[in-house]
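Visitor: Structure incoming, see below.
The values are calculated or read from the model by the stated rules, or taken from the named source; none is laboratory data. Computed from a prediction, not measured in an experiment: that's the story for all the values here. Cβ atoms come from the backbone with ideal geometry, glycine included; neighbour counts cover every protein chain shown. SASA here: full protein model, heavy atoms, side chains in, ligands and nucleic acids out. Shrake-Rupley method; radii C 1.70, N 1.55, O 1.52, S 1.80 Å.
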Amino acid sequence: MLRKKPYIEERKTVTEEQLLGRVETLKSIGMTESQIQRDAQVRHFKGKIRQAKHQLAGILELENQIIRKKEIKAEKLAAPKVAPPKKRHAQDPVKKKAKREKQIAPAAAD
């Protein structure tokens, strides 16, 4: 969609020029402003301009979103890395062996 931006801008400027030319032609004929606004070609050109504005607004939103993503990525890369917390349930092998011996000693006595 971003690649289409120059083409949409060009189409908008061309349509605006066509609209101005049509309005001037209608004024030279002697039409009133309300008659000019109701002219089919004038409405058509205005619709094309409106459509181009909406497309450009969408492209602008995408560009802003890309910029925000780049900033967030840069912040994440610049932030210091935090070590993952150590597991609590992992015990010392010495303590584990002592605990096992305690369990075996009462069983052997029986």
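Visitor: Search segment 1-48 for residues being touching a residue at least 24 places away in the same chain (Cβ under 8 Å) and more than 24 Å from the chain's Cα centre (by Cα), and hand back the single one that is least open to solvent (accessible area, probe 1.4 Å).
Guide: Result: THR15.
Visitor: Restricting to segment 53-80, name every residue that is over 23 Å from ARG11 (Cβ atoms) and either among the small types (Gly, Ala, Ser) or outside any helix (DSSP H, G or I) (or both).
Guide: Answer for segment 53-80, where residues must be over 23 Å from ARG11 (Cβ atoms) and either among the small types (Gly, Ala, Ser) or outside any helix (DSSP H, G or I) (or both): ALA74, ALA78, ALA79, PRO80.
Visitor: Got a sec? Which of ALA98, ALA83 is modelled with pLDDT under 95 and in a helix (DSSP H, G or I)? Break it down into steps so the answer makes sense when it comes.
Guide: On the way: ALA83 fails: in a helix (DSSP H, G or I).
The match here is ALA98.
Visitor: Based on this model, can you work out whether LYS81 counts as under 26 Å from LEU2 (Cβ atoms) and within 44 Å of the chain's Cα centre (by Cα)?
Guide: In short, no.
Visitor: Could you figure out which of (1) of a type in the set (D, E, K, R); (2) part of a helix (DSSP H, G or I); (3) modelled with pLDDT under 95 isn't true of ARG50?
Guide: Of everything listed in (1) of a type in the set (D, E, K, R); (2) part of a helix (DSSP H, G or I); (3) modelled with pLDDT under 95, ARG50 misses just condition (3).
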